[in-house]
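Data block below; observations after.
The values are calculated or read from the model by the stated rules, or taken from the named source; none is laboratory data. This structure is a prediction, so every number in the text was calculated from the model and none was measured. Counting neighbours? That spans all protein chains shown, and the Cβs are built from the backbone with ideal geometry, glycine included.
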């Protein structure tokens, strides 16, 4: 039932470029889609392990830079008179590199999360994103610093019979983001609805009890952070090849906050939460653009956010699910079978 | 009979306080052994040391001959030694059925690849775990409550669920920390029946409990702890008559003239 709804949603989205071939609508939807993928990845960490990463833009940015640099190629000095050189690679290699680099840093952060939790973890993730931003700003030889990496090639796709086709047009980019987003959603769903997902939720709800039944804390936190970082890296890579220019601002705190807001208003710890929250907060700024001055827009945006958090603290998706006819049937308690005591 | 659990000269300090001074006892396979003593005697601390939640300062703990020193609670659980908690410990917002499935973690082995690809082996495992979860709930009489959240269970039901979670993965040795705390007489009787059934299924049980009537009726052996030391160790009939134990419980003696029997 829910799966049918999901595929209908994907089909409806896939039809958008055909029904409304308006480039503005498509570009808004494509950027929203990229951030929804970021929110889906954040939800795995924030919603299912309960760990708040306020440096999630770091993985997004790492994916963007790694992917862009691999597809542009680079030639840099790494000290001791050595040079590191890479010729431009096909975009799909960059895409995979973006996922791998972000995933590797996710592994590091996951190991760290074992030692520090809660507020300390939050502070470390913020620092992590800030340090990366500083590196991106100052390592001019590699990243061009504030001058930005330009001329990033568009994403390309190998199609049977046509070879590698670059995806220049808006509908193509949109379909690519929709495809990657669907994959990310399915990946998270498979993980969450499995023994791994149960272990993550058990750790979130009661770590002491979870350990007592044999759930290995580090192991499962590392799996979650690597997957989450890898998906965020994929979103960053899509971003780099879509806008085709990136600067150190991809590491800005506001991008993390945007993803956190999407996850929390949509419903953290639910599969559809980041999608619903992402559609609202990804599309609203652009929908309001035509009808209200920017100042009024920002106020409306802020008020809506406060209202959502006040009245739907668990998010939109759980609230809507609560309105649907309850599946829980109240059953009479049956006493345990009692042996007569001797 | 072989000793399943051997505790030798274990000492645990919490800050500057000596919670357990010198603890030595064994638990034989197939028995129900109770660890009793007045409040603050160090019973829960002993549990924490055995299950890896606290590091003993001295001594050695062996389970099936294997030294447990330095092992994490999750590793110890994987060896077949699982505990329950004194304070009600459940996965509150999750349904009772989900609670049971989470506690069956060690009964499964599928990893990331299995989860992503939904291989036939993983599907079979999921189906088996689901059945085991229902069997477990049936065993503790919570089948009818499977779909409600654990938070909304009555107190006695939550306690039963707590035992079910600890017993779910069929450990060889089950440590129960005050399973009857706060239960009324009929619930206590149910709890006792449950412990007997667990023993009959082949689970060895080490019990901490304040309900003396229950302890006397259910235990094969009783170890009495006072102020971090063992003052008696023997079958219920013997413990009942032990002057040292009577004195410790009446609180007339501060000095303990002799150590473990």
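Key figures for this structure:
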item: Some residue of region B:76-85 being under 30 Å from residue A:193 (Cα atoms) and more than 17 Å from the chain's Cα centre (by Cα); result: no
item: Number of the condition not met by residue B:45 [criteria: (1) in a helix (DSSP H, G or I); (2) over 18 Å from residue B:174 (Cβ atoms); (3) in contact with a helix residue (DSSP H, G or I) (Cβ under 7 Å, 6 or more places away or on another chain)]; result: (3)
item: Enumerated helices (runs of 4 or more DSSP H) restricted to region A:184-286, each holding at least 2 residues that are away from chain B (no Cβ under 14 Å), at pLDDT 90 or above and surrounded by fewer than 21 Cβ atoms within 10 Å (Cβ to Cβ); result: none
item: Which numbered condition residue B:127 fails, given (1) facing chain A (nearest Cβ under 8 Å); (2) surrounded by fewer than 23 Cβ atoms within 10 Å (Cβ to Cβ); result: (1)
item: Residues of region A:158-175 satisfying the condition of being in contact with a strand residue (DSSP E or B) (Cβ under 9 Å, 6 or more places away or on another chain) and buried (at least 16 other Cβ atoms within 10 Å of the Cβ); result: A:167, A:172
item: Residue list for region B:144-170, restricted to those being more than 19 Å from the chain's Cα centre (by Cα), more than 7 Å from chain A (Cβ to nearest Cβ) and not in a loop (DSSP other than H, G, I, E, B); result: B:149, B:150, B:151, B:152
item: Selection count where residues are on the phi > 0 side of the Ramachandran plot and in a helix (DSSP H, G or I), scope region A:1-51; result: 0
item: Candidates B:92, B:108, B:59, filtered to the one that is buried (at least 17 other Cβ atoms within 10 Å of the Cβ) and either facing another protein chain (nearest Cβ under 10 Å) or under 29 Å from residue B:183 (Cβ atoms) (or both); result: B:108
item: Residue in region B:26-45 that is more than 18 Å from residue B:223 (Cα to Cα), more than 12 Å from every other protein chain (Cβ to nearest Cβ) and either surrounded by fewer than 23 Cβ atoms within 10 Å (Cβ to Cβ) or without any contact (Cβ under 8 Å) to a residue 12 or more places away in the chain (or both) present; result: no
item: Identity of the residue in region B:113-124, out of contact with any helix residue (DSSP H, G or I) (no Cβ under 6 Å at 6 or more places or on another chain) and more than 23 Å from residue B:165 (Cα to Cα), that ends up farthest from the other protein chains (Cβ to nearest Cβ); result: B:120
item: Residues that are assigned to a loop (DSSP other than H, G, I, E, B) and modelled with pLDDT of 80 or more, drawn from region A:114-147; result: A:139, A:144
item: Test for residue A:214: is it farther than 24 Å from residue A:171 by Cβ and in contact with a strand residue (DSSP E or B) (Cβ under 8 Å, 6 or more places away or on another chain); result: yes
